[in-house]
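Student: Following this message is one structure expressed as structure tokens.
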Amino acid sequence: MFLFAALPPPVPPPALHAHMAFLADDLLEGRGTGTRGYEIAARYVEASLASSGLEVVRQEVPFRRIDLDEAASRVELIRASGTTVLVPGRDYVMTGAAEPKLDIEGSVEKLLQLSTEKDSDWDVIERSIRGMPSFTPSNGAWIALEASNAIRQDPPQRVHIVKTSRITEVTSPNVIGVLRGSDPKLREEYVVVSAHLDHLGIGKAVDGDAIYNGAIDNASGVAALLELARAMVDRKPRRSILFIAFTAEEPGDLGSAYFVAHPTVPKNAIVADINIDGGSVWPYQALIGRGAEKSTLGKAVEAAGKKVVPDPFPEKFTSSDQHSFAEAGIPAILLTSQRTAEARPLALAWLKSRYHAPSDDMSQPIDFAAAAEFVRDLLLIVESVANDERRAEWVR
């Protein structure tokens, strides 16, 4: 492992605050994929990366935006005793189909995704889906727990779904900052540092607020990425680094999947992806590398000099942009942290009431000193991977 010439200078907490305050402002209307607000955010990221001295590449990603007309759509359960029409929001949520008008019948197994006790809180699912555009067509519907249990107790013979959708062709960019490596041999290899720039946009109003600002999810991650890029310019890493702000993570890691399928550098030259989905914005006592046990990147996390603990939720490795890289055979992790005992209630409260809600804004308690410490740890980890003689590898 490469030895560091010097520890990095501290990251200024006010800089992280400034990035988050702009990206999570109501002006950007929640940074929905393919919207004007997202475009403003993308141009801000471009300007920040360029001002740090990086080459900036804008990768336009094409999408089909699908908006469901809920009033002209329905889900029906057909039994010998009669037909039950489910209530949207209470009983189910669904997104639009590939065609403007879909009228389909089929089995429960084919068309309905039934909830279980282990599923996330229904309010979060409803906020994340109902009234939001989608970018992947679907013929089915997600059923709430109570309605799911009723279906299990009295299965219908058939399910009838009608979907009326408005389909629009849009584009939304991945923004890429390129920091060229200093080593003549290793500079043709690339470490990706990523964070998704999009959030949910404008959706169902909660307490009169319909803008899903996405301050912690994921303006905090983009702020960390921007300050990490600024700090690493003078560090002169041996490998080149791609700092990427991805579009369309929220609708299914679509921006990162597009980049992996159409990389701006040779795919076999990409050494690793280190992803940030929610910077650590409260005090923490240890680092977690989600997916770290799958590759030698787990060892790189130790370069921060902090205690490293196992991921308590390894099943969530597939839930953000790092998964796109792993699917393509590129070692990848998501860096997160274990909060202190005092900070843990803040994180749990955020997850319960602010995750995918309009209240994930700048009015909530955020510790920018802790966020700056996280960026410093992230820098040492990225630098470890960028300077190591050996490429990151999967653990056999």
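Student: Pairs, please: C-beta under 7 Å, at least 6 apart or cross-chain, first residue assigned by TED's automatic domain parsing to the domain that holds VAL193 and touching a residue at least 24 places away in the same chain (Cβ under 8 Å) and in region 254-270, second of a type in the set (Gly, Ala, Ser) and outside any loop (DSSP other than H, G, I, E, B)?
Tutor: SER256/SER194; SER256/SER324; ALA257/SER324; VAL260/SER324
Student: Report, ordered by the first and then the second residue, all pairs with beta carbons closer than 9 Å, sequence separation of six or more or different chains, a first member in region 363-381 that is assigned by TED's automatic domain parsing to the domain that holds ALA347 and in contact (Cβ under 8 Å) with a residue 60 or more places away in the chain, and a second member that is surrounded by fewer than 22 Cβ atoms within 10 Å (Cβ to Cβ) and among the acidic types (Asp, Glu).
Tutor: Filtered contacts from region 363-381: ILE381/GLU302.
Student: Kindly indicate whether ALA24 is over 25 Å from VAL170 (Cα atoms), aliphatic (A, V, I, L, M) and in the same structural domain as ALA370 (by TED's automatic domain parsing).
Tutor: In short, no.
Student: Then there's this: Conditions: (1) within 23 Å of VAL222 (Cβ to Cβ); (2) among the β-branched types (Val, Ile, Thr); (3) surrounded by fewer than 23 Cβ atoms within 10 Å (Cβ to Cβ). THR296 meets all but one. Number of the miss?
Tutor: (1)
Student: Of all residues in region 194-203, how many are in contact with a helix residue (DSSP H, G or I) (Cβ under 6 Å, 6 or more places away or on another chain) and either surrounded by fewer than 22 Cβ atoms within 10 Å (Cβ to Cβ) or assigned to a strand (DSSP E or B) (or both)?
Tutor: Number of matching residues: 5.
The values are calculated or read from the model by the stated rules, or taken from the named source; none is laboratory data. Remember, predicted model here, so these are calculated numbers, not experimental data. Here Cβ is always computed from backbone atoms with ideal geometry, including for glycine, and neighbour counts include all displayed protein chains.
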